[in-house]
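Below is one structure, written out as structure tokens, with a few remarks after it.
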Amino acid sequence: MYKAALIAVAIVSVASAAAARPGDAAHPIALKMRRGADSLTVRGVLRQNVDCCAYTFKAHAGQQLRWTESGAAARMGIAYPDGDGINPGLPNPAALPQTGRYVLTVSPDLMAEGAFGRFTLTVRIPPPR
């Protein structure tokens with residue numbers, strides 16, 4: 001019985017590790033800008049039935065997020081450090097009202113043609129004034 005329980009735990013652990021995907025909601029990809037830069041560009045692929053793409057970044061209260069997305073028809077969302085947020089329908093620019101870690105999400109716009117495929121996302125967060 002003990003041996004069967006250990007095997008079951010091992011199978012669940014392997015399945016969980018295999019299911020973990022960088023960029024899914026539980027494992028957002030960290031966006032880190034080079035020193036002195038206020039923008040960066042990432043590329044990804046939106047696929048049917050695949051949880052993608054979540055990115056995390058740090059910002060200070062009062063900053064603004066400016067973004068552009070091209071390629072696949074996408075919906076943009078954001079979660080604030082306190083867990084509240086906007087999803088979908090992220091305005092551009094978007095006010096960042098809190099200091100801390102944000103999660104930016106890109107998901108397929110299932111109401112539009114071309115919801116799946118490659119996308120390019122550029123984010124810019126100018127320094128606080």
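Can you work out which of the residues in the range 83-106 that are over 12 Å from the mean Cα position of the chain (by Cα), within 19 Å of A30 (Cβ to Cβ) and of a type outside the set (A, V, I, L, M) is surrounded by the fewest Cβ atoms within 10 Å (Cβ to Cβ)? Result: G83.
In the set (1) surrounded by fewer than 19 Cβ atoms within 10 Å (Cβ to Cβ); (2) over 25 Å from R21 (Cα atoms); (3) aliphatic (A, V, I, L, M), L110 fails one condition alone, (2). Output the residues belonging to the range 39-49 that are assigned to a loop (DSSP other than H, G, I, E, B) and closer than 12 Å to G117 by Cβ. Answer for the range 39-49, where residues must be assigned to a loop (DSSP other than H, G, I, E, B) and closer than 12 Å to G117 by Cβ: R47, Q48. For the range 71-83, does any single residue satisfy the condition of being touching a residue at least 12 places away in the same chain (Cβ under 8 Å), farther than 21 Å from G100 by Cβ and either among the hydroxyl-bearing types (S, T, Y) or in contact with a His (Cβ under 9 Å, 6 or more places away or on another chain) (or both)? Taking every residue of the range 71-83 in turn, none turns out to be touching a residue at least 12 places away in the same chain (Cβ under 8 Å), farther than 21 Å from G100 by Cβ and either among the hydroxyl-bearing types (S, T, Y) or in contact with a His (Cβ under 9 Å, 6 or more places away or on another chain) (or both).
Scanning the range 91-128 for residues that are part of a loop (DSSP other than H, G, I, E, B), charged (D, E, K, R) and closer than 12 Å to E69 by Cβ returns a single hit, D109.
Here, each number is a calculation from the coordinates, and none is a lab measurement. Given the structure is predicted, the values throughout are model-derived calculations rather than measurements. Because the Cβ atoms are built from the backbone with ideal geometry, glycine has one as well, and the counts that use them run over all protein chains shown.
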